[in-house]
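Contents: one structure, followed by commentary.
Here, each number is a calculation from the coordinates, and none is a lab measurement. As the structure is a prediction and not an experimental result, all values here were calculated from the model. Note that each Cβ is placed from the backbone with ideal geometry, even for glycine, and that neighbours are counted across all protein chains shown.
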Amino acid sequence: MNDDRSPADNSQESSGTRFTETSTRSWGSNIASSFSGMLVGLVLILVGLGLMWWNEGRTVERYNTLQEGLGAVVEAPMDRIDPAQENRLIHLTGETRVNGELADSVFGVTSHAVRMRREVAMFQWVEKKHEETRKQTGGSSETVTTYEYVKEWSGQLQKSGQFRHPVGHDNPADLLYASQEYTATDVRLGRRVLSAALIEQISDFKRLELTPGMMSAKRLPRNAQLHDGGIYLGRDPGQPAIGEMKITFQIANPGPVSVVARQTGESFTPFPTRTGQTIEMLHSGLRDAQAMFAAEERENAILAWILRGVGWLCLWIGFALIFSPLRALGDVLPFLGDLIGVGTGLFSLVLSLMLSLITISVAWLVYHPLIAGGGLLLALLLLLGTHRLGRSKTGTARSRS
């Protein structure tokens, strides 16, 4: 991206934690930048088309996988392991139990949980950036960039050395303690041991309210204190200083679950299907097999529509970038550039919707030809019916005249 700038084109203002910079770009620079954006737009269109095509195949494949699993699943007893069900897709429900405790190696916090997370946040300077571009007569543009520095709690290290204005906004170079997750290895459901993949699907986390008896005093730093159910590393939690930290813990306790997976000995493994996908799922609560598969189908449909929306958005932005040189050329008069921008934006919207529908329809012809063929046949019949209705009305009007 080219900027036709000179020292006179840039200005700065500061007021403590807020800094403002103003820069200008020539009309030629804006036009050159818009042509560079055309390449980005082309890439976005290709990405959007590829995403939508892949998504339709993924959706149908997942649907077929779930249908195959629903037809193959059998109920399994909780109190015993039936050898006749070895390598079959089984469904069972019950209460999980954990052998042993999870322990945080740094602060000595222990819990009889399935999973435990240590979450760390540090009080730091955070840079917030805001840009506003204003068009000028003649095609040039003026950009006002505001950098604001605020003190916030953040779980990510804010590297103050990379700030636009680092002086006076220094953060520690690293986090003294990092976030960490602990997972139990011996989690049982009846007489069976849950696999690691199933344990990872237990995600009903809640905050663990710490008490003095839950921690090892020998492992706590000197400046540690209990505050609001967590550990505070600093002087005064009411007036935090840069670099002070707070540590909290989240746990997922044993409880009622429902599982659908392949029985393998005393444990579970993924159940392979003809589509190439596998089934190994765990839901919280006591659900029958049909309810579990129905929930998975709903999630599959929701994901399909989300990815369709993302693909369409890529197309819309891509087409808008391809037509952006027209707007840049019209910006010699700001109102003319805005008018062209509205027109190209609407045209890009219509074009992206049409191409999205065509891509999805063609993909369904490939992945689900019967349904897609029926839909296209219905659309054709409606089109022919509308055409004939129009001709009959025209003929009636002529005969009356």
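Report, please, the projected area of the stretch 128-192 averaged over directions, based on the convex hull of its C-alpha atoms, in nm². Write out the running numbers ahead of the final one.
Numbers: hull surface 39.6 nm².
Over every viewing direction, the Cα hull of the stretch 128-192 projects on average to 9.9 nm².
Considering all different alpha carbon pairs of the stretch 17-170, the Kirkwood hydrodynamic radius works out to 23.6 Å.
With the alpha-carbon atoms of the stretch 226-324 aligned to their principal axes, the span from lowest to highest coordinate is 61, 61, 22 Å, starting with the largest.
If I take R0 = 56 Å and measure r between the Cβ atoms of LEU220 and ASN64 in this structure, what FRET efficiency does the formula 1/(1 + (r/R0)^6) give, to the nearest 0.05?
Working: r = 54 Å, r/R0 = 0.97.
Efficiency, from the Cβ-Cβ distance: 0.55.
Between the beta carbons of GLU297 and TRP153, assuming R0 = 51 Å, the FRET efficiency works out to 0.80 to the nearest 0.05.
Each listed q (0.11, 0.13 Å⁻¹) maps to a log10 I(q)/I(0) for the chain from the Debye sum over equal C-alpha point scatterers, namely -1.10, -1.14. Here the stretch 255-304 is treated as an ellipsoid with the same Cα gyration tensor; its semi-axes, largest first and in whole Å, are 19, 17, 8.
At a Förster radius of 35 Å, what calculated FRET efficiency corresponds to the Cβ-Cβ distance of ASP236 and GLU142, to the nearest 0.05? Working shown, then result.
Details: r = 45 Å, r/R0 = 1.28.
Using R0 = 35 Å, I get an efficiency of 0.20.
With 0.36 nm allotted per residue and the present C-alpha distance subtracted, the ASP82-MET38 stretch has 9.6 nm of extension available.
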